[in-house]
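The values are calculated or read from the model by the stated rules, or taken from the named source; none is laboratory data. Keep in mind it's a predicted model, so treat the numbers as computed, not measured. As a convention, Cβ positions derive from the backbone with ideal geometry for all residues, glycine included, and neighbour counts pool all protein chains shown. In case anyone asks, the SASA skips ligands and DNA or RNA and just uses the protein heavy atoms, side chains included. Shrake-Rupley method; radii C 1.70, N 1.55, O 1.52, S 1.80 Å.
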Amino acid sequence: MKLNKNIKKYLALSLITIGVSIVSCDLDKHKKDTYLFNPDLKKEKIKTNIEEGKVLSEVTILNETILKLSELALTESGEYNIYTIANKLKKDNTEIKNSIIELAKAKLIILPNGFNKADVNRLLLVDEDGFSKAYLGRTGKLLEREIARLEYLSSITNDLDFKVFIVKSLTRLNHDLDQLNKKTIKLLTIKNSIL
């Protein structure tokens with residue numbers, strides 16, 4: 001009984017030792033392939049980091065523009081459907097904005113502090129009858145661009161933090177775009193039936 005227990009301990013210790021030996025040999029073999037020891041890989045990693053920061057900055061501006069348009073829709077539109085989608089977009093994009101800020105802090109990325117003023121000004125110029133259609137149309141295009149930029153970021157990065165952020169954000173944004181498209185179809189159907 002005691003001999004059997006000692007054999008099991010010896011086998012477990014042997015397996016651990018063999019495993020550590022294999023892993024350490026494997027690390028030595030691929031040492032040349034890491035960006036710390038290969039200048040070309042180091043340059044490629046720097047280019048990727050710059051591109052990640054650039055795309056995250058673009059997403060930040062798109063996100064902030066959607067927030068501003070949604071805030072405007074909440075104050076300007078009297079339609080319940082527009083109010084509900086604008087409120088949902090504001091909530092989701094605020095959460096995405098907070099995630100972007102946390103990610104940027106962790107990755108030492110400086111984010112722009114602004115939005116596309118032309119989009120907001122264009123919506124302000126629309127009369128009350130066309131406001132809902134203009135809001136839904138412009139916001140839909142911005143959501144599509146934000147989704148496209150996040151998908152591009154997903155294709156260029158291998159960073160786990162970016163990947164997690166992208167999956168969470170894309171899930172929300174795709175759902176919001178789907179809801180927005182349904183509201184747009186419903187709005188157009190109602191307006192066409194009135195005519």
Name the pairs whose Cβ atoms lie under 8 Å apart, with the first residue in segment 121-147 and at positive phi and polar (S, T, N, Q), the second in a helix (DSSP H, G or I) and open to solvent by less than 10 Å² (accessible area, probe 1.4 Å), and 6 or more positions between them or separate chains? none
Test result for Asn98, part of a helix (DSSP H, G or I), within 18 Å of Lys168 (Cβ to Cβ) and open to solvent by 70 Å² or more (accessible area, probe 1.4 Å): yes
So Thr184 fits all but one of (1) of a type in the set (S, T, N, Q); (2) free of Cβ contacts under 8 Å to residues at least 40 places away in the same chain; (3) under 18 Å from Ile82 (Cα atoms); what number is the exception? (2)
Go through segment 103-129 and give me each residue that's under 19 Å from Gly78 (Cα atoms), in a loop (DSSP other than H, G, I, E, B) and among the aliphatic types (A, V, I, L, M). Leu125, Val126
Total residues in segment 110-152, condition aliphatic (A, V, I, L, M), crowded, with 16+ Cβ neighbours inside 10 Å and within 27 Å of Phe162 (Cα to Cα): 5
Inspect segment 134-143 for any residue being modelled with pLDDT under 95, closer than 20 Å to Asp176 by Cβ, assigned to a helix (DSSP H, G or I) and more than 24 Å from the chain's Cα centre (by Cα) and give the result as yes or no. yes
Name the residues in segment 164-173 that are within 18 Å of Leu67 (Cα to Cα) and surrounded by fewer than 13 Cβ atoms within 10 Å (Cβ to Cβ), would you? Thr171
